[in-house]
Amino acid sequence: MYIGSSFQQQLNFLPLKPTDIRDPEYFHKVVDCQYACPAHTPVPEYIRLIAAGKYTEAYLINWESNVFPGVLGRTCDRPCEPACRRGRVEEEPVAICRLKRVAADFKDDISHILPKGPFPPNGKKIALIGGGPASLTVARDLAPLGYEIHLYDDQPAGGGMMRSQIPAFRLPEEVLNEEVNYILDMGIHTQFTTYVSSMKEILDKKYDAVFVGTGAPKGNDLDKLPGRWDDPDKIHLGIQWLASVAFEHTDKIGKKVIVLGGGNTAMDCCRTARRLGGEDVKVVVRSPFNEMKASPWEIEDAQMEDIPILNNHNPKAFVTTGGKLQGMLFEKVEAVYDASGKRKLIPTGEEVFIAADEVLVAIGQGNAFPWIERDLGLEFNQWELPRLDAKTLQSTRPDVFFGGDAALGPKNVITAVAQGHQAAISIDLFCRGADVHDRPPPMTNLAQQKMGLHEWIYDSAVVPDLRYKVPHADKKLTLQDRKKEVELGFDLEKAYREAERCLNCDVQTVFSEPKCIECDACVDICPTSCISFVTNGEEEDLRTRLVAPANQLDQDLYVSSPLPTKRVMVKDENVCLHCGLCAERCPTAAWDMQKYLYNTAKAAPLWKQEEVV
Amino acid sequence: MTYLRPTFRHPELPKNILGYTRKDYEGAISTLCAGCGHDSISGAIVQACWEMSIEPHKVAKLSGIGCSSKTPTYFLSNAHGFNTVHGRMPSVATGANMANRSLTYLGVSGDGDSASIGMGQFVHAIRRNLNVVYILMNNGCYGLTKGQDSATADVGSKSKSGSENKFATIDLASLAIELGATFVARSFSGDKNQLVPLVKAALAHGGFAFLDVVSPCVTFNNNFGSTKSYSYVREHNHAASNIDFVPPAETISVDYPENTARELELHGGNKIVLHKLPTEWDPLDRISALNRLHQARRTGEIVTGLLFIEPESQDLHATLDTVQEPLNQLGEKDLCPGSKKLEGINASYR
């Protein structure tokens, strides 16, 4: 396990030990975007390839790591972007997500590069229940190893919630189909429109392992709210309604629509309603605006489509007359926070009636496993969720594994993919009779970037540009057509400029003590005052004695072993621009810029690494 | 090579009383060799001026010719600058200082610029006690012309090509004390903890402040056998005392052990505290300081720190009884006070 320097310090109460840069996690953590990504996609690596015009290569790096670059480049929750170092020295992070889309949009035909079946069979059979991102990832990782894979899903096509819940104006069907088919074309045995109603039946088919990736299909309801069942045809659960729109069972909605909830599903519901005839669509949320769960950019997109968001409104009743829905009654609340920061919504007593023809309830979703018999050796916890080993994703029945929203609760596509990779490793280990806890290490590589005197392979200059905006299609057109994609994506000129904003955080500053003559050149040149030469001490004390304050405790200090003057070099990784100036100004090459590539282990390498990079 | 420094700075850089961060005291990116000691001295000047909250536009930086004399480009971009002819920085500084005493004067020179071609200028600036900080970036060689021995190279010091210097060294610090300089210090570019307070004290001193900073030439004089290499200076460095600079707004909060500390008042209410003072000599006594330097030369030590100070001294303006106002601010009335005044002056000679 990797232990951050601040934690190490709490254990020791001693001067900091020299940083062990051979620990694969140390430099990984410096690449903040990659570290924050659940699938640990090598972000700076593919952004550099985009800047170099190598879109196919950029796509393949993504495809190997996150399986659905075209989908994620449009819909990812982007945990990488708040982590982006650029956001710490400037206002906004690099548009990582939308650059991923650039790779998908501008790549060449890649079908001849992808692993192609039929693969020599290894005699093992695996069942995947559910056809969403987690199951598809398991399928992709295991098929090349010769597993015979049977995929069951109740929908008519693969993709799971990516198909049923993400509207086509955010994710065009052809993009989804392309990436789902890359996997299904590997020789996966699909059984669509097949609802699995009994785990026992599946287990009786003698699969070597079963993977459950059934998502979080149960939408939360307000079933006890007065009036809920007076006009049930006009009140829909958000995810079910989105699915019925996606599969074209529903193509219109009333003029006045209330959407309850403040998450991304609510945003998709309200924007879809606008396209199906909703003229007066309102989102109504209990919480204050700034605590809404939806991603800020999705809220912004909803607001751009003239959808007001009313916050601090607690639903009191559905109002009907003569069995016909008239609207909803809300009570206004005020958020009050106690000393520990815990929120309480206090009613103000004011009541508001909002007229509506139809209501969409999008207030969260959960897992449900009514189809898993409880006598199969599969244990469930108090919340009726399967008991799992969070790392191996193995259940209490050794041949059954979980992943995606079905495993540890609803998260997002990229988390489902990451869990799919882990489950695939576990399944492969299990089927080979190996210990599932004996995980393969990540692939890492540290490569010199020196090209000549003060010249680097990577583009070290730091551009001052602000974040570029992705252009949108004309609202008049997009609101007419449910399938017309709103975001147009970056063109190549903008993509290049945005890619140049990346600070190349994977090009590491590697320090070599024996070469250092302590001339201070690096300290003087560092634009962001990251480097200090000081006497060692406890971390808390050390952080106050550096050239600039080191207050971001989650950012490690890179500490050298003692130098001839008994001091140590301490580099605060926090706002290092990776500009290479320390290495350029170093007379003895004690500093060097080296590119760190980190790839999480997969069940099987899809191709040899040197073919990609 | 990158000739541009990114414009981003640490978002939490501290601000001084004027609301400026260190960025406001920086200059252009250096074109000196990577690892040059001069760049460290530039860094120390930036740090000292920022810490003292000196307004950058109220500084005049002057230099001669040489690697050292290029450095004013690399600090205080917002200050006034004058890159003079070789060795002539002191006379230009004298002229500027005479014309406008409201600025802070910072002269930068090298061992060739001061100990050879500009020696005559150097000694006269000291003799007049011109109110200027004179920083000598001393690398013992002519770095700009491939490292020939300079006049400050020690006898026997080996150059990069292996030849030994045969001529006696000129120790400008001893010379400055001998000539009556009122502030003489020596430091090492690789020791900012000592260098920054010395620069601050020199800036606060109200007379000629000489700072001889040993600054290794990484390209031509950082080899084995050189007495001005990083490793040699580190091994032979003897700090005379530690110096703390205390601006008027602050009070001395540290308790210094008795008999080993001395508090001195400088111009403008600034104070310095010398602590861990040597017992065998006294930096307030010219003769004792000179003795110590002679002794060090015999034993091969490099004595650093504040070598000599005379806190109360009379600078050139006081000696000549000049006007307070900068000359360019004097109006016709001041410059041509009328025939009555002239008659009075003439009468005084009769």
Query raised in the report: For residue B:53, what charge total do you get from the other residues with a beta carbon under 15 Å from its beta carbon, if Lys and Arg give +1 and Asp and Glu give -1?
Result: +1
Report summary line: With a 1.4 Å probe and ligands and nucleic acids left out, the total accessible area lost when A pairs with B, in Å² to the nearest 100, equals 2600
Query raised in the report: When the scattering of region A:41-142 is computed by the Debye formula from its Cα atoms alone, each counted once and equally, what is log10 I(q)/I(0) at q = 0.10, 0.16, 0.22 Å⁻¹?
Result: -0.35, -0.77, -1.17
Requested in this report: Mark the label point 7 Å from the Cα of residue B:335 along Cα→Cβ and return the residues of region B:88-114 whose backbone N is within less than 20 Å of it.
Outcome: B:95-103
Query raised in the report: How much solvent-accessible surface does residue A:439 expose, in Å² to the nearest 10, with a 1.4 Å probe and all protein chains in place?
Result: 50
Report task. Partner chain Cβ atoms within 10 Å, averaged over the residues of A:580-589 - can you pull that number for me? Result -> 4
Requested in this report: Using a 1.4 angstrom probe, figure out how much accessible area the protein assembly as shown has per residue, in square angstrom, rounded to the nearest whole.
Outcome: 43
Query raised in the report: So, in Å, what gap is there between the alpha-carbon centers of region B:203-281 and region A:567-593?
Result: 28
Report summary line: Measure of exposure for residue B:88: accessible area at 1.4 Å probe, Å² rounded to 10, is 90
**Report entry** Within straight-line cross-link reach of residue A:342, aspartates and glutamates at Cα separation under 20 Å, skipping those fewer than 8 residues along the same chain
**Finding:** A:291, A:334
Query - Where B:317, A:437, A:112 fall by accessible area, highest first, once all protein chains stay in place (1.4 Å) - result: A:112, A:437, B:317
Report summary line: The longest stretch of chain B containing none of the chymotrypsin sites (Phe, Trp or Tyr not before Pro) that sit in a DSSP loop with at most 11 other Cβ atoms within 10 Å is B:4-166
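Counting only DSSP beta bridges with both residues in chain A, what percent are antiparallel, rounded to the nearest 5?
So the antiparallel bridges amount to about 60 percent of the total.
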**Report entry** Neighbour cut-off at most 13 other Cβ (10 Å), DSSP loop, trypsin sites (Lys or Arg not before Pro), region B:146-184
**Finding:** B:146, B:166
Query raised in the report: Accessible surface of residue B:284 in the full protein assembly, 1.4 angstrom probe, to the nearest 10 Å²?
Result: 50
Report summary line: Cα-only Rg/Rh for region B:22-320 with Kirkwood Rh rounds to 0.94
Query raised in the report: Over 26 Å between Cα atoms, which of A:54/A:450; A:282/A:316; A:316/A:344; A:571/B:271; A:595/B:70 qualify?
Result: A:571/B:271; A:595/B:70
**Report entry** Given 16 as the ceiling on other Cβ atoms within 10 Å, longest exposed-site-free region of chain B for GluC sites (Glu not before Pro) in DSSP loops
**Finding:** B:13-249
Query - Helical segments meeting 24 Å axial Cα length and Kyte-Doolittle -1.0 threshold in chain A (DSSP H) - result: A:413-431
Query raised in the report: What is the Cα coordinate range of region A:219-361 on the first, second and third principal axes, sorted by size from largest, in whole angstrom?
Result: 49, 38, 25
Report summary line: Whole-percent carbon and sulfur contribution to the accessible surface of region B:22-320 (1.4 Å, no ligands, DNA or RNA) stands at 52
**Report entry** Two-decimal ratio, region A:313-400, of alpha-carbon radius of gyration to 2.2 N^0.38 Å
**Finding:** 1.77
**Report entry** Spatially near lysine pairs across region B:88-224, Cα under 25 Å, sequence gap of 8 or more or different chains
**Finding:** 5
Query raised in the report: When the solvent-accessible surface of protein heavy atoms is calculated with a 1.4 angstrom probe, in what order do A:467, A:163 fall, highest first?
Result: A:467, A:163
Report summary line: With all protein chains present, chain A has a carbon and sulfur share of its accessible area (1.4 Å probe) in percent of 52
Query raised in the report: Summing +1 for each Lys or Arg and -1 for each Asp or Glu, what net charge is found among the other residues whose Cβ lies under 11 Å from the Cβ of residue A:260?
Result: +1
Report summary line: Per-residue ellipticity at 222 nm attributable to helices in chain A (runs of n ≥ 4 DSSP H, -39500 (n - 2.57) apiece, nearest 500 deg cm²/dmol) works out to -8000 deg cm²/dmol
Query raised in the report: Going through region A:316-377, which chymotrypsin sites (Phe, Trp or Tyr not before Pro) have at most 15 other Cβ atoms within 10 Å and a DSSP loop state?
Result: none
Report summary line: The FRET efficiency for residue B:301 and residue B:250, from their Cβ-Cβ distance with R0 = 30 Å and rounded to 0.05, is 0.35
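Got a sec? What order do A:320, B:182, A:190 fall in by accessible area at 1.4 Å, biggest, i.e. largest, first?
Largest to smallest exposure gives the sequence A:190, A:320, B:182.
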Query - Stokes-Einstein D in µm²/s, Kirkwood radius over Cα pairs - chain A at 10 °C with 1.306 mPa s viscosity - result: 60
Query raised in the report: Stretched out fully, how many nm does the piece from residue B:145 to residue B:294 gain, at 0.36 nm a residue minus the Cα gap?
Result: 50.6 nm
Query raised in the report: Hey, rough spin-label estimate for residue A:220 and residue B:85, points 7 angstrom out along Cα→Cβ, what's it come to in nanometres?
Result: 8.5
Query raised in the report: Quick one: if the Förster radius is 60 Å, what FRET efficiency do residue A:353 and residue B:28 give, using the C-beta to C-beta distance and rounding to 0.05?
Result: 0.35
Query raised in the report: Where in chain A lies the longest segment free of GluC sites (Glu not before Pro) that are both loop residues by DSSP (not H, G, I, E, B) and have at most 14 other Cβ atoms within 10 Å?
Result: A:92-247
**Report entry** Theoretical FRET efficiency, 1/(1+(r/R0)^6), r = Cβ-Cβ of residue A:445 and residue B:325, R0 45 Å, to 0.05
**Finding:** 0.10
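The values are calculated or read from the model by the stated rules, or taken from the named source; none is laboratory data. All of these numbers come straight from a predicted model, not from anything done at the bench. Quick reminder, even Gly has a Cβ in these numbers, built from the backbone with ideal geometry, and neighbours come from all protein chains shown. Accessible surface is based on the protein model in full, side chains and every heavy atom, while ligands, DNA and RNA are left aside. Shrake-Rupley method; radii C 1.70, N 1.55, O 1.52, S 1.80 Å.
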